Amino acid sequence: MSKNTQTEDLNGVIRDHAEILAMQLHAQRESLFPPDADKEMRKFTSGEAAALLGVNDSYLRKLHLDGKGPSPELTPGNRRLYSVQDLADLRQLLEKTARKPGDYLPGRREGDHLQVIGVMNFKGGSGKTTTSAHLAQRLALLGYRVLAIDLDPQASMTALHGVQPEYDLPEGGTLYDAIRYDDPVPITDVIRPTYIPGLDLIPGNLELMEFEHDTPRALSQNAAGLFFFRVKEALSQVDDRYDVVVIDCPPQLGFLTMSALSAATGVLVTIHPEMLDVMSMSQFLRMTADLMDVIAESGADMSHDWMRYLLTRYEPTDAPQNRITAFLRTMYGDKVLNAPMLKSTAISDAGLTKQTLYEVDRSAFTRATYDRAIESLNAVNDEIAALIQATWGRK
Ligand SMILES: Nc1ncnc2c1ncn2[C@@H]1O[C@H](COP(=O)(O)OP(=O)(O)OP(=O)(O)O)[C@@H](O)[C@H]1O
Ligand SMILES: [Mg+2]
């Protein structure tokens, strides 16, 4: 009897599985976010809206009673709920009557340069995507004009923003199109708005891998030019449209990450405080430094405004984690952000339904769990916002 009667065409099986998975994921998205399967931001309570705008709730109520600005939705209990668009409209209204220009618009002013924040570490699962998505959303909710770039072929940040790469991007549409060596498109062709005013996204998908393959070829043909400036050059086309760009990097130190590093004005290294992670980080730092030396030898300016470590999935009650955290803080001092991102089931559960904690409803969690997580995220993001303001010479 032939042993081969049961063999299958592996290619075919894998391809079928990919198709089935894509269809199932699409169906799941349609059931999660009906009716048009597009994501929407939840509404904010008046307290949340006031905090994001930096005013008192009583002042917001007065605006509402005076018929000024957007009309919030009223609950049966007469509580006011503001949409994310209401929030943006209120911000414009408040800014018009602000004592000083910029009181309610924290973004760039004359002479301030674009902030490009690269979130990196080649350790997989160190929290890069979670950090990038929450940072980009929080900054947009605070009134910054933000561009989030998914530079990871795995496209997790893209999925978090309601775009399913294999379904929505069959013909490309990632940053690769704008940084490729032959026929790059204008970066504006791959930028898409999100359901949060002030937040645009350049999605990712597997196509980004092409850049890792093209670059050695282009280098060998002397056609790559200063390849590590591809991202920076592409961004320069939209420099005046944004205050902050947040780049979610892939978990490897390839040409994509190097290009992001060259474009970055701020570098955030996410680190989960466990021994294996810290050991691999030492290699990451050494390799990064070597690569930056090589780039600098070609005459490129590799100076950055700031570089910080962010502790992720931190558990304050875990003794070994605390030892490692203390060790990192002793070694690197104020280069380690004060606020750690706490490990929270609220964050991982939100991720399961492809949402950030800013998108999910507080009522979906026990209050204490939600509040603890959101306070931790806000503390991290606001510390980064303060760094941004400092590079612009403010606060
Ligand atoms: N603070 C947190 N609390 C609980 N879970 C978290 C937290 N941060 C991240 N996670 C979970 O850990 C996993 C890895 O996080 P994330 O995807 O952000 O890491 P990453 O560095 O982007 O991974 P990769 O290297 O694969 O891109 C995810 O399932 C995420 O939901
Ligand atoms: Mg990731």
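The values are calculated or read from the model by the stated rules, or taken from the named source; none is laboratory data. The structure presented is a predicted model; accordingly, all values stated were derived computationally and were not measured. Using ideal geometry, Cβ is built from the backbone for each residue, glycine included, and neighbour counts are taken over all protein chains shown. With ligands, DNA and RNA removed, areas are computed over all heavy atoms of the protein, side chains included. Shrake-Rupley method; radii C 1.70, N 1.55, O 1.52, S 1.80 Å.
Return the residue satisfying two criteria in turn: it lies in region 224-234 and is surrounded by fewer than 21 Cβ atoms within 10 Å (Cβ to Cβ) and either of a type in the set (G, A, S) or closer than 17 Å to A136 by Cβ (or both), and of such residues it is nearest to ligand 1 (Cβ to nearest atom). For region 224-234, the residue satisfying everything is A224. The C-beta contact set for region 285-298 (first residue touching a residue at least 40 places away in the same chain (Cβ under 8 Å), second residue in a helix (DSSP H, G or I), distance under 6 angstrom, 6+ apart or interchain) comprises I295/F228. What do you reckon, is I191 touching a strand residue (DSSP E or B) at 6+ places or on another chain (Cβ under 8 Å), surrounded by 19 or more Cβ atoms within 10 Å (Cβ to Cβ) and touching a residue at least 12 places away in the same chain (Cβ under 8 Å)? In short, yes. If you check R372, R308, R313 for being open to solvent by less than 60 Å² (accessible area, probe 1.4 Å), in the same structural domain as A263 (by TED's automatic domain parsing) and in contact (Cβ under 8 Å) with a residue 12 or more places away in the chain, only one passes: R308. Given the criterion of a type in the set (D, E, K, R), free of Cβ contacts under 8 Å to residues at least 40 places away in the same chain, crowded, with 16+ Cβ neighbours inside 10 Å and more than 14 Å from ligand 1 (Cβ to nearest atom), identify the matching residue among R80, R91. None of the other options fit; the residue is R80.
Within region 143-159, track down each residue that is part of a loop (DSSP other than H, G, I, E, B) and within 13 Å of ligand 2 (Cβ to nearest atom). Within region 143-159, L151, D152, P153, Q154, A155 qualify. Tallying residues that are of a type in the set (A, V, I, L, M), open to solvent by less than 50 Å² (accessible area, probe 1.4 Å) and out of contact with any strand residue (DSSP E or B) (no Cβ under 8 Å at 6 or more places or on another chain) within region 252-284 yields 3. Every test in (1) modelled with pLDDT of 95 or more; (2) within 26 Å of D243 (Cβ to Cβ) is passed by R394 save one, and that test is (1). Every condition in (1) open to solvent by 60 Å² or more (accessible area, probe 1.4 Å); (2) under 16 Å from the mean Cα position of the chain (by Cα) holds for I196 except the one numbered (1). For region 235-251, filtered to residues that are out of contact with any strand residue (DSSP E or B) (no Cβ under 6 Å at 6 or more places or on another chain) and within 16 Å of ligand 1 (Cβ to nearest atom), the residue that is most open to solvent (accessible area, probe 1.4 Å) is P251. Within region 316-335, the set of residues being of a type in the set (A, V, I, L, M) and either at pLDDT 95 or above or loosely packed, with under 12 Cβ neighbours inside 10 Å (or both) comprises A319, A326, M331. Of the residues making up region 129-140, those that are within 14 Å of ligand 1 (Cβ to nearest atom) and open to solvent by less than 10 Å² (accessible area, probe 1.4 Å) are T131, S132, A133, H134, L135, A136, Q137.
Identify all residues within region 331-357 that are of a type in the set (V, I, T) and assigned to a helix (DSSP H, G or I); write none if there are none. T345, I347 - these are the residues of region 331-357 that are of a type in the set (V, I, T) and assigned to a helix (DSSP H, G or I).
When you look at R145, is it more than 12 Å from the chain's Cα centre (by Cα), under 30 Å from A385 (Cα atoms) and basic (K, R), yes or no? The answer is yes for R145. Checked against (1) crowded, with 23+ Cβ neighbours inside 10 Å; (2) under 18 Å from R308 (Cα atoms); (3) within 12 Å of ligand 1 (Cβ to nearest atom), F122 meets all criteria but (1).
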